[in-house]
1. Just checking, which of VAL96, VAL136, VAL140, VAL160 is among the hydrophobic types (A, V, I, L, M, F, W, C), at pLDDT below 95 and in contact with a strand residue (DSSP E or B) (Cβ under 6 Å, 6 or more places away or on another chain)?
2. Taking the range 82-123 only, how many residues are small (Gly, Ala, Ser) and free of Cβ contacts under 8 Å to residues at least 12 places away in the same chain?
3. Could you pull out the residue among LYS157, LYS148 that is touching a Gly at 6+ places or on another chain (Cβ under 6 Å) and either farther than 14 Å from GLN89 by Cβ or of a type in the set (Lys, Arg) (or both)?
4. Please enumerate the residues belonging to the range 154-188 that are out of contact with any Lys or Arg (no Cβ under 9 Å at 6 or more places or on another chain) and of a type in the set (Lys, Arg).
5. When both residues are 6+ apart or on different chains and their Cβ atoms are under 6 Å apart, which pairs have a first residue that lies in the range 180-191 and is of a type in the set (A, V, I, L, M), and a second that is crowded, with 16+ Cβ neighbours inside 10 Å?
6. Do you know which residues across the range 4-21 are buried (at least 16 other Cβ atoms within 10 Å of the Cβ) and either in a helix (DSSP H, G or I) or of a type in the set (Val, Ile, Thr) (or both)?
7. For the range 85-128: of the residues being among the acidic types (Asp, Glu) and surrounded by fewer than 18 Cβ atoms within 10 Å (Cβ to Cβ), which is nearest to LEU200 (Cα to Cα)?
8. Scan the range 142-171 and report the pairs whose first residue is under 23 Å from ASP104 (Cβ atoms) and among the basic types (Lys, Arg) and whose second residue is modelled with pLDDT of 95 or more and surrounded by fewer than 24 Cβ atoms within 10 Å (Cβ to Cβ), with Cβ atoms within less than 7 Å and a gap of 6+ or a chain change.
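The values are calculated or read from the model by the stated rules, or taken from the named source; none is laboratory data. What you are looking at is a predicted structure, and each value in this text was computed from that prediction instead of being measured. All Cβ positions, even for glycine, are placed from backbone atoms using ideal geometry, and neighbour counts span all protein chains on display.
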Amino acid sequence: MAGEPFRILRLGSVPYDEALALQTALLERRQRGEIPDTILLLEHPHVITLGRRGDASNVVADKAALEAMGIEVRRVGRGGDVTYHGPGQLVGYWIVSLSRWKNDVGKFVRTIEESIIRTLAEFGMEGRRVPKFTGVWCPVAGAPEPEKIASIGVGIKRWVAHHGFALNVTTDLRYFDAIIPCALHDKRMTSMARLLARDLPIATVEDALAGVLPGLLGGPLLKDERIRPEAAREF
């Protein structure tokens, strides 16, 4: 299946529940073969998500604190534990057939990681994998170990994937204090803005990701369009 076409739809800021409903609709259409592999790029308002086997105790802020911060909590059907989504974070949802990876979930996850590593390299940043941990990490000057810049959690239904990654671009990292990110008690989160000491528009990072994906997936990019979320369901 290498060489099969795919498309990118850029949605802007989308509430989590709306994005989840869109994923579900596109997942069903991809299972029926009505649409090509599709990668959604977007941001979310403040929300904490727990994977299907995530431990709710890893949300350490109480209900009053979460309400004061404007953070909602959702239990979702992806792998992984708990993470935070919010403004300044680039979220990529991959609604793709795993036949491209011969139904090897591990290879698929490594591809998502590689897409982020190559994107970071476009900005002169070193992204790396850390053994035994999913996601992408960056070395930090003066720190004893790398810090996590991107989290990954996927769901698989009838060999079509959904969910994907969350890359901290200009994310306010203080919101991660409400959780134990990915249930890793002794690890720190970081962002592109923190490591580069400058802000980056989300669109600039989207462009870099779009540039590396054709070579990584081995197929042509059919479309790369900005589209309203409500229109994407039937697009």
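1. Of the residues listed, the single one that is among the hydrophobic types (A, V, I, L, M, F, W, C), at pLDDT below 95 and in contact with a strand residue (DSSP E or B) (Cβ under 6 Å, 6 or more places away or on another chain) is VAL140.
2. The total comes to 2.
3. LYS148
4. Scanning the range 154-188 gives LYS157, ARG158, ARG174.
5. ILE180/ASN58; ALA183/ASN58; ALA183/ASP81; MET189/LYS148; MET189/LEU173; MET189/PHE176; MET189/PRO181
6. ILE8, VAL14, TYR16, ALA19, LEU20
7. GLU122
8. Within 7 Å, the pairs are LYS157/LEU27; ARG158/GLN31.
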